[in-house]
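Data first, discussion second: the structure below is written as structure tokens.
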Amino acid sequence: PSEERRSREAHLAEDREGERFKGTSSEFIQQLYEEGSQISLPSTMEELRQSGEDIHIEELERGDLMIFGEATDDNTPHLAAIYLGEGRFATVLDRKIVITDMNTDQYWIQRLLEGRQITK
């Protein structure tokens, strides 16, 4: 996927920081990809986790998906986010679109299950 296409979803997420969002984090990701690239993604965590290609977390690029678990030793997907680059990601927490920097937060690093690259 082109760098421009992949960053469209990231731009949309950044533009919405602080906005309220009634749905789940996976529904937020689904909406970003639908709006940004007309790519239809599933709205459930389990199905979203099967979308695109599995990539190593050190290979994450702007616009890639991130899947987090709820607890450190739990492999169950709990939260979806979109990678913004330089350790930052956007997701929905407490019904609000937030941008977080995981480089400074062990909480997120320990819960990151995988990265996914979405292709058409």
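A few remarks follow.
- If the condition is being open to solvent by 40 Å² or more (accessible area, probe 1.4 Å), in contact with a helix residue (DSSP H, G or I) (Cβ under 9 Å, 6 or more places away or on another chain) and modelled with pLDDT of 95 or more, then region 82-98 contributes Arg88, Leu93.
- Scanning region 42-65 for residues that are open to solvent by less than 50 Å² (accessible area, probe 1.4 Å), of a type in the set (A, V, I, L, M, F, W, C) and out of contact with any helix residue (DSSP H, G or I) (no Cβ under 8 Å at 6 or more places or on another chain) yields Ile55, Leu60.
- In region 12-105, counting only strands (runs of 3 or more DSSP E) that sit wholly within it, the ones holding 2 or more residues that are within 20 Å of Ile118 (Cα to Cα) span 53-55, 65-69, 77-85, 88-93.
- Region 106-117: number of residues that are assigned to a strand (DSSP E or B) and either open to solvent by less than 20 Å² (accessible area, probe 1.4 Å) or among the aromatic types (Phe, Trp, Tyr) (or both): 1
Listed here are the residues, each with its yes/no results for (1) farther than 18 Å from Arg8 by Cβ; (2) free of Cβ contacts under 8 Å to residues at least 24 places away in the same chain; (3) touching a Cys at 6+ places or on another chain (Cβ under 8 Å).
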{"residue": "Arg49", "(1), (2), (3)": "yes, no, no"}
{"residue": "Gly52", "(1), (2), (3)": "no, no, no"}
{"residue": "Glu58", "(1), (2), (3)": "yes, yes, no"}
{"residue": "Arg62", "(1), (2), (3)": "no, no, no"}
{"residue": "Thr72", "(1), (2), (3)": "yes, no, no"}
{"residue": "Asn75", "(1), (2), (3)": "yes, no, no"}
{"residue": "His78", "(1), (2), (3)": "yes, no, no"}
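- Test: residue in region 66-81 that is modelled with pLDDT of 95 or more and open to solvent by 80 Å² or more (accessible area, probe 1.4 Å): no
- In region 9-41, the residue that is nearest to Lys96 (Cα to Cα) out of those that are open to solvent by 20 Å² or more (accessible area, probe 1.4 Å) and under 13 Å from the mean Cα position of the chain (by Cα) is Thr24.
The values are calculated or read from the model by the stated rules, or taken from the named source; none is laboratory data. Everything quoted here is computed from the prediction, not taken from an experiment. Note that each Cβ is placed from the backbone with ideal geometry, even for glycine, and that neighbours are counted across all protein chains shown. All accessible areas refer to the heavy atoms of the entire protein, side chains included, with ligands and DNA or RNA removed. Shrake-Rupley method; radii C 1.70, N 1.55, O 1.52, S 1.80 Å.
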